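Read the structure below first, then the notes.
The values are calculated or read from the model by the stated rules, or taken from the named source; none is laboratory data. Remember, it's a predicted structure, so these values are computed and weren't measured experimentally. Neighbour counts are summed over all protein chains in view; Cβ atoms, including those assigned to glycine, are modelled from backbone coordinates with ideal geometry.
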Amino acid sequence: MSEKKQAGGLQGVVAGQSAISTVGVGGIGLNYRGYDINDLAYKCTFEEVTYLLLKGHLPTQQQLDELKTLIWSKRYIPCKLKQILETLPKESHPMDIMRTVTSILGILEPETKSGQEYDISIRLISIFGPALLYWYHYSNSGIKINENTGKDSIAENFLKLYHLKSEIDPLVIKTFDVSLILYAEHDFAASTFAARVTVSTLSDFYSGITTAIGTLRGPLHGGANEAAMQYLEPLRSIPQADQFLNSRYQSKQLIMGFGHRVYKKEDPRSPIIKDFSLQLSKTQNGDPTLLAVSQHIEKRMVEEKKIYPNLDFYSASAYRQCGVPTPMFTAIFVISRMTGWGGHIIEQRSNNKLMRPVSDYTGPAKKQFVPIEMRNKANL
Ligand code: CMC
């Protein structure tokens, strides 16, 4: 048996090369393909970032127009998929719907040849929101929505389909769009790494994405935005927030939405989404109490535990103020991260090598085999 000490959870292990994003590498914060996350969040749209991550460079106006036209044309939900969505129970978790939509699309529109990664990525990015909301409205109230809302952005299309409204507050659209940009890519995060492992076996694109969705779901990863909203929801005053924190400290339970494997100080995405969440809290439909409670929890966590909020913490209050229900938070993350997953699958395939690490064996030494008729508790 080796005496070698392994870093738990592959912490600090360099598992491959990537040219897509920097996550705190070399003190330059978070960049997608060389662009600072602040520039992308404040000056770009999610569609531009989609192009950047999948194609490797920002689009010209003409390239962006072509992408938007492609997205509008790829929003339709095939009849067979609608029929299946209509059979799924309303109690289903939205992440199960996302994984199922991916699987079914992989059957209805399979990847049949090389070079389809961009088109399939755009298809999934375009259909995820409409398919999720088709299931949501049908299962809750029997309404069959028309997924085509015209020439809307991904963010606007989602919000219009969820709220069943033709007009959405521009700040709500911008906040939602910014959240999609912030969630889009994060190097070898668990779900992205899982997708790369899957396609490294020469498996198909859809299998890579279903793997990624399953991995994203857990509360240590993407599920943290949902988990954060679940504990924030009942906290309607500072004393209640204090009581909550004190009891978590005492029971040594994690506070979801705080901490990060790589960022040991501030997550550079957090102040951006916090800015939008704060802006929303000052509007008519905002929730200033939710923001006051969130800021108080942040202050205490930083001062007392030196643990900083990650993107998921203020995304919770941002999505809540966009009127989106909590169980959909991680599913929205899927729509966004589809761009990063797509970029990584393309990159993995461009220089593929089967990912097959080894473990540090800690099991028993070689044993004498005992036939079943001679086995007893003493010789197992
Ligand atoms: N609440 C309370 N204590 C924490 C937290 C937290 N959220 N995060 C870390 N710690 C403590 C942890 O208990 C440990 O303490 P000790 O040294 O006394 O055992 C110390 O800080 C170091 O933490 P770690 O677990 O060794 O760090 P890690 O790199 O393995 O974990 C993490 C990173 C994200 C899994 C962890 O911070 C965590 O569980 N956070 C809560 C879940 C969460 O918000 N996940 C979202 C991650 S970012 C976005 C995304 O991927 O979606």
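Data overview
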| item | result |
| --- | --- |
| Some residue of the range 115-131 being part of a loop (DSSP other than H, G, I, E, B), at pLDDT 95 or above and in the same structural domain as residue 343 (by TED's automatic domain parsing) | yes |
| Residue satisfying all of: in the range 258-314; more than 17 Å from residue 177 (Cα to Cα) and β-branched (Val, Ile, Thr); nearest to the ligand (Cβ to nearest atom) among these | 307 |
| Set 89, 59: member being in contact (Cβ under 8 Å) with a residue 24 or more places away in the chain and either in a loop (DSSP other than H, G, I, E, B) or over 23 Å from the mean Cα position of the chain (by Cα) (or both) | 89 |
| Residues that are within 9 Å of residue 330 (Cα to Cα) and within 7 Å of the ligand (Cβ to nearest atom), drawn from the range 205-229 | 222, 224 |
| Qualifying residue in the range 335-351 (condition: hydroxyl-bearing (Ser, Thr, Tyr), within 16 Å of the ligand (Cβ to nearest atom) and over 14 Å from residue 228 (Cα atoms)) | yes |
| All positions within the range 244-258 that are surrounded by fewer than 20 Cβ atoms within 10 Å (Cβ to Cβ) and not charged (D, E, K, R) | 244, 245, 246, 247, 249, 250, 251, 253, 254 |
| Tally of residues being part of a loop (DSSP other than H, G, I, E, B) and surrounded by fewer than 21 Cβ atoms within 10 Å (Cβ to Cβ) across the range 262-315 | 15 |
